Structure formats: C-alpha cells, structure tokens
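Everything on this sheet refers to the single structure shown next.
The values are calculated or read from the model by the stated rules, or taken from the named source; none is laboratory data. Just so we're clear, the structure is a prediction, and the values are computed from it rather than from any experiment. Glycine also receives a Cβ, built like all others from the backbone with ideal geometry; neighbour counts cover every protein chain displayed.
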Amino acid sequence: MSILAVDNLSSGYAGAVVLREVSLALAPGEILAVLGKNGMGKSTLLKAVMGFLPKMTGSVAISGNEATRLPPHRVARLGVGYVAQEKALFQDMSVEENLRLAVRRPDFEAALAEVEASFPFLLQRLKQRAGTLSGGEQKMLLMARSLATGAKLLLVDEITEGLQPSVIDRLAGVIRSARDRHGTTMLLVEQHLPFALAVADRWAVLDRGEIAETGASTEPDSRARVLKHLSV
Ligand SMILES: Nc1ncnc2c1ncn2[C@@H]1O[C@H](COP(=O)(O)OP(=O)(O)OP(=O)(O)O)[C@@H](O)[C@H]1O
Ligand SMILES: [Mg+2]
C-alpha cells in the first residue's frame with residue numbers, strides 16, 4: 001500500500017487553479033523529489049496535501065486513509081510532518097522548546113538522540129532562542145525537529161535554500177540515514193538538483209502545475225532531463 005497516494009489533484013487559491021490534475025504515489029520508505037522553476041506549484045502541492053488548501057478535484061490518501069477533506073491537524077495525526085518553505089520555528093522560544101512542542105513528552109529523550117545523530121551542535125544550543133540562530137542553523141533545526149517527531153511521511157519544502165554546500169552534503173547523508181533507520185517516506189520539494197538526485201529515489205518535474213516528466217534518480221540521463229525543464 002502507498003504511504004501517500006495523490007490522485008488527479010487540482011488545487012489553488014481563491015478560484016485560481018495552480019495545481020492541475022497531479023497524480024503521484026509513494027511506497028513505504030521511498031523518497032521523491034519534486035523539482036521545477038519558481039512559481040510552478042511545488043509549495044502549493046505540499047500545502048494541498050497537508051490540508052492547508054482546498055482540493056478542487058481529486059483525492060489524497062495517507063497509508064490507505066482517505067484524507068482529501070481533512071484539516072491539517074488531522075493530516076498530521078496520520079503521521080505526516082510538514083516543513084514549510086517559510087520560517088516555521090517559534091522565533092522567541094528556545095531550541096529545546098521548539099523541539100518539545102513538536103515531540104510528544106515520553107519520546108523526548110529519543111528525540112534528542114535523533115537530533116544528536118543529525119545535527120549534534122544543536123544539543124549545545126538547547127537554551128538559545130531559535131530566532132537568534134543563523135538562517136542555515138534554523139534550517140538544520142527544522143530538519144532535525146521533523147526527523148525527531150518520528151513522522152511516517154515528511155513533506156519538506158526547499159530545505160536546502162540558503163545553505164552552504166558542505167551543509168547540503170551533510171543534510172543529504174542525514175536524510176538518507178534517517179530513511180534507512182526508520183523507513184521514513186519523504187516528498188521533498190527542491191531547487192537544488194545535485195542534492196535532489198543524491199537523496200531521492202525518484203524525481204518529478206512540475207511545470208505550470210502539471211507533472212511534466214518523472215524518472216528514477218539513478219538513470220544516467222536524469223540530470224539532463226530535469227535541467228531541460230529548469231532552464232529559462
Ligand atoms: N496565497 C496565494 N494566493 C494567490 N496565489 C498564490 C498564493 N501562493 C502562491 N500563489 C501562486 O501560485 C503559483 C504557484 O506558487 P508556489 O508557491 O506553489 O510555487 P513554487 O513552485 O513553490 O515556487 P518557488 O520555487 O518560488 O517556491 C504562483 O503563481 C503563485 O503566485
Ligand atoms: Mg515554493
């Protein structure tokens with residue numbers, strides 16, 4: 001059974017259709033990267049799946065549960081974590097408080113172990129106000145936090161935005177290792193092509209709200225096929 005099944009999904013804003021009849025399925029533990037130029041509907045796809053936007057046509061199922069009309073908190077309860085593109089931390093709370101809010105209490109020690117496995121510097125910063133972390137450090141906290149929640153399915157919107165190359169390399173390893181240890185299924189929206197192909201099993205390109213092309217990351221011509229859609 002698919003962890004995520006999106007079938008014929010259309011969505012958008014106040015009557016303006018952005019996403020057009022998108023279908024995709026994610027098997028357990030699979031990582032799919034969604035690529036595409038600015039404004040093509042990548043974030044809209046994640047927001048529609050998460051229940052922040054109304055679905056105009058189509059359906060969404062999560063681990064076999066019908067989720068088309070569920071609000072975000074109910075989608076989250078099905079084991080779905082969402083890392084938004086825009087800042088999603090409580091800026092005035094500490095690193096630790098941000099983690100505690102995302103992770104249920106009895107799991108907190110396990111969550112800290114997960115943070116240590118991904119970005120250990122955060123353990124030295126537990127008392128620091130999240131808003132005073134650098135932009136890149138905040139991205140690392142976001143990723144560590146979402147992995148620490150133990151979500152079965154993660155929807156991650158451009159986690160590499162603004163990160164230096166060495167951190168992007170580290171993040172690729174962190175994500176692959178978390179998937180291998182926990183079997184986490186992930187839908188990653190990305191602009192960073194080498195990262196996307198290194199991390200994901202499959203890729204899909206969104207062009208004006210439609211899936212224009214898909215492939216497996218290991219296919220030797222993947223890079224060229226994606227780049228064709230990304231060049232202006
Ligand atoms: N709240 C909104 N109200 C109206 N239109 C919106 C809203 N948010 C996004 N859009 C429009 O929907 C289209 C797709 O936007 P979306 O944010 O999904 O693009 P994206 O592929 O994530 O782009 P980027 O790579 O720049 O993040 C754009 O034309 C955008 O202007
Ligand atoms: Mg976006």
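Return the residue satisfying two criteria in turn: it lies in region 10-30 and is out of contact with any Ser or Thr (no Cβ under 7 Å at 6 or more places or on another chain) and at pLDDT 95 or above, and of such residues it is surrounded by the most Cβ atoms within 10 Å (Cβ to Cβ).
It comes out as VAL22.
Look at LEU187 and say whether it is outside any helix (DSSP H, G or I) and either under 30 Å from THR57 (Cβ atoms) or over 13 Å from the mean Cα position of the chain (by Cα) (or both).
Here the answer is yes, as LEU187 does meet what is asked.
Which of the following residues is modelled with pLDDT of 90 or more and not hydroxyl-bearing (Ser, Thr, Tyr): ARG104, ARG145?
Just a single option satisfies the conditions, and that option is ARG145.
Somewhere in region 74-83, is a residue within 16 Å of ligand 2 (Cβ to nearest atom) and touching a residue at least 12 places away in the same chain (Cβ under 8 Å)? Reasoning before the result, please.
Residues of region 74-83 within 16 Å of ligand 2 (Cβ to nearest atom): 82-83.
Those still in the list that are touching a residue at least 12 places away in the same chain (Cβ under 8 Å) too: 82-83.
Looking for residues that are within 16 Å of ligand 2 (Cβ to nearest atom) and touching a residue at least 12 places away in the same chain (Cβ under 8 Å), one finds at least one in region 74-83, hence yes.
For the list (1) in contact (Cβ under 8 Å) with a residue 12 or more places away in the chain; (2) exposed (fewer than 14 other Cβ atoms within 10 Å of the Cβ); (3) under 24 Å from GLN164 (Cα atoms), I need the number of the one condition that SER231 fails.
SER231 satisfies all of (1) in contact (Cβ under 8 Å) with a residue 12 or more places away in the chain; (2) exposed (fewer than 14 other Cβ atoms within 10 Å of the Cβ); (3) under 24 Å from GLN164 (Cα atoms) except (1).
Applying the selection to region 153-178, what residues are within 16 Å of GLU137 (Cβ to Cβ) and polar (S, T, N, Q)?
Answer for region 153-178, where residues must be within 16 Å of GLU137 (Cβ to Cβ) and polar (S, T, N, Q): THR160, GLN164, SER166.
Is it true that some residue in region 161-173 is within 16 Å of ligand 1 (Cβ to nearest atom), among the small types (Gly, Ala, Ser) and over 18 Å from LEU26 (Cα atoms)?
yes
What pairs can you find where one residue is in region 154-171 and under 18 Å from LYS87 (Cβ atoms) and at pLDDT 90 or above, the other is in a helix (DSSP H, G or I) and within 13 Å of ligand 2 (Cβ to nearest atom), and their Cβ atoms are less than 7 Å apart, with a gap of 6+ or different chains?
LEU155/LEU46; ASP157/SER43; ASP157/LEU46
Could you tell me whether ALA84 is under 30 Å from LEU133 (Cα atoms), surrounded by fewer than 16 Cβ atoms within 10 Å (Cβ to Cβ) and at pLDDT below 95?
no
When you go through VAL75, VAL34, VAL60 one by one, which is the residue that is within 16 Å of ligand 1 (Cβ to nearest atom), of a type outside the set (D, E, K, R) and modelled with pLDDT of 95 or more?
Just a single option satisfies the conditions, and that option is VAL34.
So, in region 190-209, how many residues would count as being within 16 Å of ligand 2 (Cβ to nearest atom) and either in a helix (DSSP H, G or I) or over 13 Å from ALA33 (Cα atoms) (or both)?
Of the residues in region 190-209, 6 are within 16 Å of ligand 2 (Cβ to nearest atom) and either in a helix (DSSP H, G or I) or over 13 Å from ALA33 (Cα atoms) (or both).
For residues that are near ligand 2 (Cβ under 9 Å from one of its atoms) and under 12 Å from the mean Cα position of the chain (by Cα), scanning just region 31-44, find the one that is surrounded by the most Cβ atoms within 10 Å (Cβ to Cβ).
Residue satisfying both the conditions and the ranking: LYS42.
Across region 102-159, what is the number of residues that are of a type in the set (Val, Ile, Thr) and within 16 Å of ligand 1 (Cβ to nearest atom)?
Looking only at that region, the number is 2.
Any residue at all in region 78-91 that is under 30 Å from GLU21 (Cα atoms), of a type in the set (Asp, Glu) and touching a strand residue (DSSP E or B) at 6+ places or on another chain (Cβ under 6 Å)? It would help to see each step written out before you state the result.
Filtering region 78-91 down to residues under 30 Å from GLU21 (Cα atoms) leaves 78-88.
With the extra rule that they be of a type in the set (Asp, Glu), the set shrinks to 86.
From what is left, the residues that are touching a strand residue (DSSP E or B) at 6+ places or on another chain (Cβ under 6 Å) are none.
No, every residue in region 78-91 fails to be under 30 Å from GLU21 (Cα atoms), of a type in the set (Asp, Glu) and touching a strand residue (DSSP E or B) at 6+ places or on another chain (Cβ under 6 Å).
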